[in-house]
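Values quoted throughout were computed directly from the atomic coordinates according to the rules given, and no laboratory measurement underlies them. Keep in mind that what you see is a predicted model, and the values were worked out from it rather than measured. Positions of Cβ are backbone-derived with ideal geometry, glycine not excepted, and every protein chain shown enters the neighbour counts.
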């Protein structure tokens, strides 16, 4: 892990957003990519549930991005999400990049190119400390679950399946 010296543009955007909201932790760059929750947890030496995964869906009625920030050891229940935001579909890599400004594997919960409809998984509150992507597959930042709702200006919801992945 290294401090943010020469960091990618997406991570710089996230760092600026965190600083603007007075968040105490800046992004760090991992030596290896952390494109999955398991890879990130392994690199950080934490439980996979402590990874805040950013999952993007496409809302069918208006083509808006729907961001579900969920615990790394849970699977999103699309029916629960649809009950809250309307019909959704899968988002491909081009849609994710266009709407968020980030590539899959590095989607941050904040600093998106276009503001998404966002939901925060209540399962993240099982942990005192969590980590989220910081705009690049190598970039992550530390936070508390309660900070996530404030940073993303999003409600907490039941959005996962009953059984862990």
Percent relative contact order of the range 23-85, based on C-alpha pairs within less than 8 angstrom and at least six residues apart?
23 percent
Highest GNM mean-square fluctuation, the chain, Cα pairs closer than 10 Å: which of 129, 61, 78?
61
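Let me check against my output: what whole-number percent is the relative contact order of the chain, with C-alpha pairs under 8 Å and at least 6 apart?
Working: 357 pairs, mean separation 44.3, N = 165.
For the chain, the relative contact order is 27 percent.
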Would you mind getting me the FRET efficiency between residue 35 and residue 84? Use the beta-carbon distance for r and R0 = 30 Å, nearest 0.05.
0.65
As a footprinting exposure proxy, order 95, 141 by other Cβ within 10 Å, with the fewest listed first.
95, 141
For the range 33-131, what's the relative contact order in percent, using C-alpha pairs closer than 8 Å and at least 6 residues apart?
30 percent
Can you grab the distance from the C-alpha centre of the range 76-106 to the C-alpha centre of the range 7-23, Å, no decimals?
22 Å
Per-peptide average of other Cβ atoms within 10 Å, ordering 66-75, 29-38, 114-123 highest first:
66-75, 114-123, 29-38
Residue separation between residue 146 and residue 126 times 0.36 nm, minus their alpha-carbon distance, gives in nm 6.1 nm
Distance between modelled label sites at residue 103 and residue 26, nm, 7 Å Cα→Cβ extension
2.4 nm
Considering only DSSP beta bridges with both partners in the chain, what is the antiparallel share in %, to the nearest 5?
70 percent
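Kindly put 124, 18 in sequence by how many other C-beta atoms sit within 10 Å of each C-beta, fewest to most.
Sorted ascending by nearby Cβ count, the order is 18, 124.
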